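Visitor: One structure, pasted below without further comment.
The values are calculated or read from the model by the stated rules, or taken from the named source; none is laboratory data. Predicted model, so just to flag it, every value in this text is computed and none were measured. Cβ atoms come from the backbone with ideal geometry, glycine included; neighbour counts cover every protein chain shown.
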Amino acid sequence: MTKYLISFPSDAMVVPDGELPAVSDASHAVVQEAKDAGVWVFGGGIDASVPPVMVDGDGTVTEGTYPQTTQLEGGYAVLELPSREAALEWAAKLAVACRCAQEVREFGYDPAS
């Protein structure tokens, strides 16, 4: 089976005042459904309060990220699924729960792992 990254940037999720608990409950329900189905690998959100750093091969650490990557935050789920169609179905469930469109990307197969 293939692993799929289903994600959204923080700015995409616009929730009216007072509705965040309902969105949280809905998204947790989809996560539980994925766990119950045995397709959940891992997921969560990037902590935007912790700034990213870049680490070079020599161990040098510098603040920031790649210049073309101004923001990398939001919610992520990695699911192991039998097909792209299944990934799109799960993405639709997450889109409803989170009230925003989800991006779907397929991880490449690494025969050495």
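Visitor: Tell me, please, whether a residue that is in contact with an Asp or Glu (Cβ under 6 Å, 6 or more places away or on another chain) and touching a residue at least 12 places away in the same chain (Cβ under 8 Å) can be found in the range 28-43.
Guide: yes
Visitor: Sticking with this structure for a sec: Could you list, in sequence order, all residues of the range 31-75 that are within 24 Å of Trp90 (Cα to Cα) and of a type in the set (Gly, Ala, Ser)?
Guide: Correct list: Ala34, Ala37, Gly38, Gly43, Gly44, Gly45, Gly74, Gly75.
Visitor: So, in the range 1-22, exactly how many residues are under 14 Å from the mean Cα position of the chain (by Cα) and closer than 14 Å to Ala87 by Cα?
Guide: 5
Visitor: Identify the single condition in (1) more than 17 Å from the chain's Cα centre (by Cα); (2) outside any strand (DSSP E or B) that Met54 does not satisfy, given that it satisfies every other one.
Guide: (2)
Visitor: Still on this structure, please answer the following. Taking the range 94-113, which residues are over 13 Å from Pro9 (Cβ atoms) and either at pLDDT 90 or above or touching a Cys at 6+ places or on another chain (Cβ under 6 Å) (or both)?
Guide: Residues satisfying the conditions are Leu94, Ala95, Val96, Ala97, Arg99, Val104, Arg105, Glu106, Phe107.
Visitor: Test each condition in (1) crowded, with 16+ Cβ neighbours inside 10 Å; (2) farther than 22 Å from Pro82 by Cβ; (3) not hydroxyl-bearing (Ser, Thr, Tyr) for Asp25 and report the one that comes out false.
Guide: (1)
Visitor: Still on this structure, please answer the following. Out of (1) modelled with pLDDT under 95; (2) surrounded by 14 or more Cβ atoms within 10 Å (Cβ to Cβ); (3) not acidic (Asp, Glu); (4) not in a loop (DSSP other than H, G, I, E, B), the odd one out for Val15 is which?
Guide: Status for Val15: all satisfied but (4).
Visitor: Go through (1) free of Cβ contacts under 8 Å to residues at least 12 places away in the same chain; (2) surrounded by 10 or more Cβ atoms within 10 Å (Cβ to Cβ); (3) part of a loop (DSSP other than H, G, I, E, B) one by one and return the number of the condition Ala48 breaks.
Guide: All conditions are met except number (1).
Visitor: Test of understanding: among Glu103, Glu63, which residue is surrounded by 11 or more Cβ atoms within 10 Å (Cβ to Cβ) and among the acidic types (Asp, Glu)?
Guide: Step by step, each of Glu103, Glu63 is checked, and only Glu103 is surrounded by 11 or more Cβ atoms within 10 Å (Cβ to Cβ) and among the acidic types (Asp, Glu).
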